[in-house]
1. Is segment 108-157 best put as rounded, prolate or oblate by its Cα gyration tensor, with a ≥ b ≥ c the root eigenvalues, rounded for a/c under 1.5, and otherwise prolate when a/b is larger than b/c, oblate when not?
2. Which stretch or stretches of segment 87-104 have amide N atoms under 11 Å from the point lying 7 Å from LEU75's Cα along the Cα→Cβ direction?
3. Go through segment 83-150 and name the trypsin sites (Lys or Arg not before Pro) that are in a DSSP coil and have 12 or fewer other Cβ atoms within 10 Å of their Cβ.
4. Using 0.36 nm times the number of residues separating VAL148 and ALA113, minus their current alpha carbon distance, what extension gain do you get?
5. Accessible area per residue of segment 58-151 at 1.4 Å probe, in Å²?
6. P(r) for segment 47-157: what percent of alpha-carbon pairs falls in each 5 Å bin, starting at zero?
7. Using the per-residue mean of other Cβ atoms lying within 10 Å as a proxy for protection, in what order, highest first, do the peptides 54-65, 109-120 fall?
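The values are calculated or read from the model by the stated rules, or taken from the named source; none is laboratory data. No experiment lies behind these values; they were computed from the predicted model shown. With ideal geometry, Cβ positions are generated from the backbone for all residues, glycine too; neighbour counts draw on all protein chains shown. The accessibility values were calculated without ligands, DNA or RNA, using every heavy atom of the protein model including side chains. Shrake-Rupley method; radii C 1.70, N 1.55, O 1.52, S 1.80 Å.
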Amino acid sequence: MDHYNSQNSNENNTSSHSDYSTPYNTSDSDYPSPDSEKNSEKHLKHSGPGISSFIVGLVGLLGHVLTFVLLTLALSSSIELLGSSISREELATHPAVVLGSLAFLVCLILNLAGIILGIIGLVLQNRRKVFAIIGTILNGFFILLFVVLVLGGIYLT
């Protein structure tokens, strides 16, 4: 028994334990620590095009809502003044409809630019992609809504 204790004391005195491997004796270069991954993620910057895509999406949302509200108010007051005898052709050439359509198309062009910026923000390396994802989804939603409205208008007439 003395021989066993003397071997253990000699092993404890040495600095390297080559016979035993524990998960705590690994070097830092083999496995990154969870703290280093969190720190590197915290230091990543948001992508500029992603932020721009998000802002363009919000401006597009505001533009679509304002266009819809103003167009509805203008048309409802015009229809009340003209009465129910207004035809489709007169309604289509009404200045409020023309300006509302142009405003809607400007907002769609903004949404298209927002999708492009969002895709650029998603492709960038070593950047956070939160705003790029939100901006791409927001802008894509309005483009998809436009396609649905056009297809609905084609099939209803």
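1. Numbers: a/c = 4.42, a/b = 3.45, b/c = 1.28.
Prolate, because a/c is 1.5 or more and a/b exceeds b/c.
2. 91-94, 96-98, 100-101
3. Details: sites: ARG88, ARG127, ARG128, LYS129; in loops: LYS129.
Nothing satisfies the criteria.
4. Values: separation 35, 0.36 × 35 = 12.60 nm, distance 1.95 nm.
This chain segment gains 10.6 nm when fully extended.
5. Details: 6280 Å² over 94 residues.
Using a 1.4 Å probe on heavy atoms only, each residue of segment 58-151 averages 67 Å².
6. 2, 13, 17, 17, 15, 12, 9, 6, 4, 3, 1, 0, 0
7. Working: 54-65: 18.1, 109-120: 20.1.
Going by the mean number of other Cβ atoms within 10 Å, highest first, we get 109-120, 54-65.
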